[in-house]
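Worksheet: the structure to be examined is printed underneath.
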Amino acid sequence: HNDGFKKIAPNTIQYIEASRSYCEVHLTNHSAMVVAVPLSEIVSQLSYDNFIRIHRSFSVNLLHIDSFIGNTLVMETGVALPIGREYRKMVLGRFALVGTKSRKYTP
């Protein structure tokens, strides 16, 4: 950040959005930082189990998801993010659904 480095705790990251060779890191304080690093590299460096890829352009922190509706995850801030077709089964498998027979989502 500004020719230096800024320390960010992984639990303060809500989601990361890829945009070509850059990424926007969206934080819980409603701010965002742009970094010149691909999404896959950021996620691999985090080594934090609560991040999952939900789309080719998005990775989210499970701690900050409010709900999912259809093919969309809604974050605590109200931001709606798409779930990619190839990621859907894996993403929804991370939820325990209370009130269902299996307690796991099965599409």
Filtering the range 1-20 down to residues that are in a strand (DSSP E or B) and in contact with a strand residue (DSSP E or B) (Cβ under 8 Å, 6 or more places away or on another chain), which residue is most open to solvent (accessible area, probe 1.4 Å)? 17
Only one of (1) over 16 Å from residue 95 (Cβ atoms); (2) open to solvent by 30 Å² or more (accessible area, probe 1.4 Å); (3) in contact with a Ser or Thr (Cβ under 7 Å, 6 or more places away or on another chain) fails for residue 53. Which number is that? (1)
What single numbered condition from (1) in contact with a helix residue (DSSP H, G or I) (Cβ under 9 Å, 6 or more places away or on another chain); (2) aliphatic (A, V, I, L, M); (3) open to solvent by 50 Å² or more (accessible area, probe 1.4 Å) fails to hold for residue 34? (1)
For a quick check of your reading: which strands (runs of 3 or more DSSP E) sit entirely within the range 52-97 and have at least 3 residues that are farther than 23 Å from residue 20 by Cβ and without any contact (Cβ under 8 Å) to a residue 60 or more places away in the chain? 65-69
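Scan the range 56-72 for residues that are under 9 Å from the mean Cα position of the chain (by Cα) and of a type outside the set (Ser, Thr, Tyr) and jot them down.
Result: 58, 60, 61, 62, 64, 65.
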Look through 60, 74, 43 and report the one residue that is surrounded by 19 or more Cβ atoms within 10 Å (Cβ to Cβ) and under 22 Å from residue 93 (Cβ atoms). 60
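The values are calculated or read from the model by the stated rules, or taken from the named source; none is laboratory data. Note that the structure is a prediction, hence the values are computed from the model and not measured. Here the Cβ is made from the backbone with ideal geometry for all residues, glycine too, and neighbour counts use every protein chain on show. Quick note on the areas: whole protein, heavy atoms, side chains included, nothing else; ligands and nucleic acids left out. Shrake-Rupley method; radii C 1.70, N 1.55, O 1.52, S 1.80 Å.
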